[in-house]
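S.K.: Would you mind keeping the following structure in view while I ask a few things?
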Amino acid sequence: MKGHLVVMAKAPRVGAVKTRLARDIGLVAAWTFYRRTLYAITKRLLDPRWTCWLSTTPDGARHVARGWPPRWRRIPQGGGDLGTRLLRPFQTLGPGPVVIIGSDIPDIQPHHIAAAFKALGKNDVVFGPATDGGFWLIGARHQAALANPFHGVRWSTEHALADTLANLAKLKNGTRVGFVATLDDVDEAGDLPKGAL
């Protein structure tokens, strides 16, 4: 069954994206990095092996053709905290496995996504750990496997992945968890790859 790849994305507007990075390098430089990275990864990851979705915010921006990468279907992120917005595609897309990534992972390649879908062949949930203690990818084979592992997660900290895994362990439903490659996401200037600007 064909899977769904979802990229969480904010409308690429100056001052609205990569605000932590902008504190270090300025609003325009942060916007430039975000826009380039969003376009590069969506171009690179457009693949007939999976259905490609942008989960966009603000919700009204999903109807604005200019500024969004072409050939990706768009769904609104909706309201709520990050955990609620991450959970929504698992609840609304389907059938088939769902893999969700952020839009700030410069090194991501199609083989990373293929590995995540492959890992879901023998696991209920899969994570792509980030070097900062969070995760750049989460996937689930089906909605019931995920339940809600995001309650009380300390987002934007080194505890995000550990908190999510602890929540999954509390479900006591025998959820099998797999992992794919560890990659860097970009939150601050120190995370930027060489030559990114």
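S.K.: Quick one: would you say P69 is under 28 Å from G178 (Cα atoms), of a type outside the set (A, V, I, L, M, F, W, C) and touching a helix residue (DSSP H, G or I) at 6+ places or on another chain (Cβ under 8 Å)?
M.R.: On the way: under 28 Å from G178 (Cα atoms): no; of a type outside the set (A, V, I, L, M, F, W, C): yes; touching a helix residue (DSSP H, G or I) at 6+ places or on another chain (Cβ under 8 Å): yes.
It is false that P69 is under 28 Å from G178 (Cα atoms), of a type outside the set (A, V, I, L, M, F, W, C) and touching a helix residue (DSSP H, G or I) at 6+ places or on another chain (Cβ under 8 Å).
S.K.: Quick one: what pairs do we get from segment 160-172, first residue in contact (Cβ under 8 Å) with a residue 40 or more places away in the chain, second of a type in the set (S, T, N, Q), C-beta under 6 Å, 6+ apart or different chains?
M.R.: L168/T175
S.K.: Every residue in segment 85-127 that is under 13 Å from the mean Cα position of the chain (by Cα) and either without any contact (Cβ under 8 Å) to a residue 12 or more places away in the chain or closer than 17 Å to S156 by Cβ (or both), please.
M.R.: Let us first name the residues in segment 85-127 that are under 13 Å from the mean Cα position of the chain (by Cα), namely 85-90, 98-106, 108, 112-113, 116, 126-127.
If the condition is that a residue be under 13 Å from the mean Cα position of the chain (by Cα) and either without any contact (Cβ under 8 Å) to a residue 12 or more places away in the chain or closer than 17 Å to S156 by Cβ (or both), then R85, L86, I100, I101, G102, S103, D104, I105, F127 are the ones that fit.
S.K.: Which pairs have Cβ atoms under 8 Å, sit 6 or more apart or on different chains, and link a residue in segment 1-23 that is under 20 Å from G94 (Cβ atoms) and touching a residue at least 24 places away in the same chain (Cβ under 8 Å) to one that is buried (at least 22 other Cβ atoms within 10 Å of the Cβ) and aromatic (F, W, Y)?
M.R.: The qualifying pairs are K2/W50; G3/W50; G3/F117; H4/W50; L5/W50.
S.K.: Conditions first: (1) surrounded by fewer than 19 Cβ atoms within 10 Å (Cβ to Cβ); (2) in contact (Cβ under 8 Å) with a residue 40 or more places away in the chain; (3) polar (S, T, N, Q); (4) within 18 Å of G139 (Cα to Cα). S55 passes all but one, so which condition is the exception?
M.R.: The failed condition is (1).
S.K.: Continuing with the same structure: Test each condition in (1) surrounded by 20 or more Cβ atoms within 10 Å (Cβ to Cβ); (2) modelled with pLDDT under 90; (3) not hydroxyl-bearing (S, T, Y) for V98 and report the one that comes out false.
M.R.: (2)
The values are calculated or read from the model by the stated rules, or taken from the named source; none is laboratory data. Everything quoted here is computed from the prediction, not taken from an experiment. Quick reminder, even Gly has a Cβ in these numbers, built from the backbone with ideal geometry, and neighbours come from all protein chains shown.
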